[in-house]
Amino acid sequence: MPLVPFFVINLALGLTTMRAATFYWVSQLGMLAGTVVYVNAGTQLARIESLQGILSPALIGSFVLLGVFPLIARRIVDAVNRRKVYARWKAARPRRFDRNLIVIGAGAAGLVTSYIAAAVKARVTLVEAHRMGGDCLNFGCVPSKALIRSARLAHQMRHAGEYGLAPHDAPVDFGAVMARIERVIAAIEPHDSVARYTALGVDVVAGHARLVSPWAVEVTRSDGTLQTLSARSIVLATGARPVMPPLPGLADVGALTSDTLWGLRTLPRRLVVLGGGPIGCELAQAFARLGSQVTQVEMLPRLLSREDAEVSDFARRALERDGVEVLAGHQALRCGRDEGEGTKFIVVEAAGGERRIEFDALICAVGRVARLEGYGLEELGIPTGRTIATNEYLETIYPNIYAAGDAAGPYQFTHVAAHQAWYAAVNALFGNLRRFKADYAVIPQATFIAPEVARVGLNEREAADKGIAVEVTRYGIDDLDRAIADGAAQGFVKVLTVPGKDRILGATIVGEHAADLIAEFVLAMKQGIGLNRILGTIHIYPTLAEANKYAAGEWKRNHAPAKLLEWVARYHAWRRG
């Protein structure tokens, strides 16, 4: 009400199969409390006999009660639901809690959650069974970017002739490349270390954590001893692991994943990469640039299938220029070894025909799935699918147990995990005062191939799928002065706006440092800044960031006021005499 009058609800319910008697008593009971509040307010209004009566405590109190009644009613409903879900754990609830918060998992989500909790002086324990920093530091973002940097330098050395220098096709010391990756990880490790977080006020415990009640966690330490801790709230930040597809013979050939490939010390001469998503594309190009003969197998018709078709085509051409054989639209059937020679191979199928591909190493990069087993979720009855089921506040079915990061989804990005951590921490510690819904309105993402692919908001494919009308503005980076000077004149900036308006609905950038350039559009979308204001912002010349301004200029040129410009032309003609 008043958008939907109550009598309309009654009429609509009259079309259902609910019995009249049931409808009557449920309606009367449900409306009883609200009726009392409304009747009280009406009674107080009827008693007003003068202007002074408007300020009477009884009337003011009635209106205050009218305003807070929905909040009180919601609290009552929440309390009833909470009582139901905690019913079987009533005897397990401690009178006092050891901690305000226990965080399980020291990846991006767990680290940020515990950092925030310590910053607001809560007593927080962070439990990690493996390595501080999680997958991003140890197996994902950090080592992969270090690998990509080495591969990029090798590529630049071989193509130095394009810059007026003598090309140098030096042999790659792959062991030294991997040793550098270890040094990079070691240099960043202190940022996520036990020492740092202990100094910040976090109680860091090394061991495996398992929920034994909605408020208690049993920790099995590395020495086998058990410790049980209680907390008013718990955050599950258990991360994700690579998916190993049920491919016959895959285990026999010793397949690697993005977690395990860092143990390599010899560059594979022949490499097969299964998967055409961001991880698969990054690894395929990097190993090809380092000298491996790479074959990339993707079941779907194109790489980076979540991006627009022109982005996928751009990525494919970039990988093929670096020597990757891209087999999109190919289904992997089985793996095996030749009995005599021990040669490893994979058989793939396309258009009804099979092809055998021999390899020295195979990397599975077909996706990641949340780590859900062994944490006591089943015993507590916490629903899971590919991730832990949560509501918009990141709460599980137990309002004091939250999930964040890859374990919660829906995005598997380190920056989203850190973003969710704020909501998990604040809701866990202060949710009894105010709760915040996790905001996914503006989520940037990037694929670190060369050239990079970065996006925020909608692309054309998603807009079409959702039936959202958009206007597309495109600027080719091959026209950008700095890109030409850098030998990086390839790619584009594509911006989707509301038709006829400059409000940004999404942006895609393909080109050098696209992941950095997208930040301007992320800020613009988050703060409600349109293309007109980007166009009116001074960008240093010559920089790659000017591409964003020129894209805004393209939009402005397409919306030039033709009629007004005709009158302006007449004005100038008149001024010339």
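Remind me, relative contact order of the range 96-235 in percent, using alpha carbon pairs under 8 angstrom and six or more residues apart? Can you show the working numbers first?
Numbers: 221 pairs, mean separation 46.1, N = 140.
In percent, rounded to a whole number, it is 33.
What does the range 431-577 give for Rg and for Dmax, in Å, if only its C-alpha atoms count?
Looking at the range 431-577, its Cα Rg and Dmax stand at 18.3, 75 Å.
Each residue of the range 171-185 in turn: what ³J(HN,Hα) in whole Hz from Karplus with 6.51, -1.76, 1.60 and θ = phi - 60°, glycine and Pro shown as x?
With coefficients 6.51, -1.76 and 1.60, one gets x, 8, 8, 5, x, 5, 4, 5, 5, 5, 4, 4, 5, 4, 4 Hz.
With N denoting the number of residues in the range 116-165, provide Rg(C-alpha) divided by 2.2 N^0.38 Å, to two decimal places.
Details: Rg = 20.0 Å, N = 50, 2.2 N^0.38 = 9.7 Å.
Compactness ratio reported: 2.06.
Please quote Rg/Rh for the range 324-391 to two decimal places, taking the Kirkwood radius as Rh and restricting both calculations to Cα atoms.
Values: Rg = 18.9 Å, Rh = 15.7 Å.
So for the range 324-391, dividing Rg by the Kirkwood Rh gives 1.21.
How large is Rg over Rh for the range 144-210, taking Rg from the Cα atoms and Rh as the Kirkwood inverse mean of 1/r across Cα pairs?
1.27
Round to the nearest 0.05 the FRET efficiency obtained for residue 540 and residue 439 when R0 = 30 Å and r is the Cβ-Cβ distance. Walk me through the numbers before you get to the answer.
Values: r = 31 Å, r/R0 = 1.05.
It comes to 0.45.
Convert 4 °C to kelvin, take the viscosity as 1.567 mPa s, use the Kirkwood radius over C-alpha pairs of the range 361-448 as Rh, and evaluate the Stokes-Einstein diffusion coefficient in µm²/s, rounded to a whole number.
Working: Rh = 14.2 Å.
Stokes-Einstein gives a translational diffusion coefficient of 91 µm²/s.
Please work out the average accessible area per residue across the chain, using the 1.4 Å probe convention, and give it in Å².
Working: 30440 Å² over 577 residues.
Roughly 53 Å² per residue, with all protein chains present.
Let me know the volume per residue of the alpha-carbon convex hull for the range 467-534, in Å³.
91 Å³
Tell me which trypsin sites (Lys or Arg not before Pro) from the range 93-184 have a DSSP coil assignment and no more than 12 other beta carbons within 10 Å of their own.
95, 96, 121
Carbon and sulfur: what percent of the range 413-517's accessible surface (1.4 Å probe)? Don't skip to the end; give the middle numbers.
Values: 2250 of 4450 Å².
Heavy-atom surface of the range 413-517 belonging to carbon and sulfur, 1.4 Å probe: 51 percent.
Using Cα centres only, tell me the gap between the range 302-334 and the range 468-511 in whole Å.
A separation of 22 Å, based on Cα centres.
Between residue 516 and residue 9, what FRET efficiency follows from the Cβ-Cβ distance if R0 is 45 Å, with the result rounded to 0.05?
0.30
For the range 204-244, restrict the atom set to alpha-carbon positions and state the Rg and Dmax in Å.
11.9, 37
Could you tell me the largest-minus-smallest coordinate of the C-alpha atoms of the range 423-501 on each of the three principal axes, in descending order and whole angstroms?
Its Cα atoms span 56, 31, 21 Å along the three principal axes.
Extending each Cα 7 Å along its Cβ direction at residue 351 and residue 180, get the distance between those two points in nm, one decimal.
4.1 nm
Give the relative contact order (percent, whole number) for the chain; include only Cα pairs under 8 Å separated by 6+ residues. Don't skip to the answer; put the middle values down first.
Working: 1022 pairs, mean separation 65.1, N = 577.
This gives 11 percent for the chain.
If you take every DSSP beta bridge fully contained in the chain, what fraction is antiparallel? Give it as a percent rounded to 5.
In the chain, approximately 60 percent of DSSP beta bridges are antiparallel ones.
Across 5 Å bins from 0, what is the distribution of all Cα-Cα pair distances for the range 91-245, in whole percents?
Cα pair-distance distribution for the range 91-245, in percent: 2, 9, 15, 15, 14, 11, 8, 7, 6, 5, 4, 2, 1, 1, 0, 0.
List the trypsin sites (Lys or Arg not before Pro) in the range 527-577 that DSSP assigns to loop (not H, G, I, E or B) and whose Cβ has at most 15 other Cβ atoms within 10 Å. Which are they?
Answer in residue order: 576.
Take the alpha-carbon positions of the chain, form their convex hull, and give its projected area averaged over all directions (one quarter of the hull surface) in nm².
43.6 nm²
Could you state the number of Å between the C-alpha centres of the range 203-217 and the range 558-577?
The two parts, judged by their Cα centres, are 73 Å apart.
Quickly rank 495-504, 480-489 as a protection proxy: mean count of other C-beta atoms within 10 Å, highest first. Spell out each step's value before the answer.
Numbers: 495-504: 17.9, 480-489: 16.3.
Peptide ranking by packing, descending: 495-504, 480-489.
Given 10 °C and 1.306 mPa s, compute D for the range 171-276 with the Stokes-Einstein relation, Rh being the Kirkwood radius over Cα pairs; round to the nearest whole µm²/s.
It diffuses with D of about 87 µm²/s by this estimate.
Please identify the cysteines of the chain that lack any partner cysteine with a Cβ under 4.7 Å from their own Cβ.
Taking the Cβ cut-off of 4.7 Å, the unpaired cysteines of the chain are 281, 335, 364.
Which of the trypsin sites (Lys or Arg not before Pro) across the range 410-475 are loop residues per DSSP, with 15 or fewer other Cβ within 10 Å? Intermediate values should be presented prior to the final figure.
Details: sites: 434, 435, 437, 455, 461, 466, 474; in loops: 434, 435, 437.
Filter output for the range 410-475: 434, 437.
Can you give the log10 of the normalised intensity I(q)/I(0) at q = 0.17, 0.22, 0.24 Å⁻¹, computed with Debye over equal Cα scatterers of the range 249-336?
Relative scattering, expressed as log10 I(q)/I(0), comes to -0.70, -1.12, -1.28.
The values are calculated or read from the model by the stated rules, or taken from the named source; none is laboratory data. The shown structure was predicted, so the numbers you read here are calculated from the model rather than taken from an experiment. No Cβ is skipped: glycine too gets one built from the backbone with ideal geometry, and neighbour counts run over all protein chains shown. Ligands, DNA and RNA are excluded from the accessible area calculation, which covers all protein heavy atoms including side chains. Shrake-Rupley method; radii C 1.70, N 1.55, O 1.52, S 1.80 Å.
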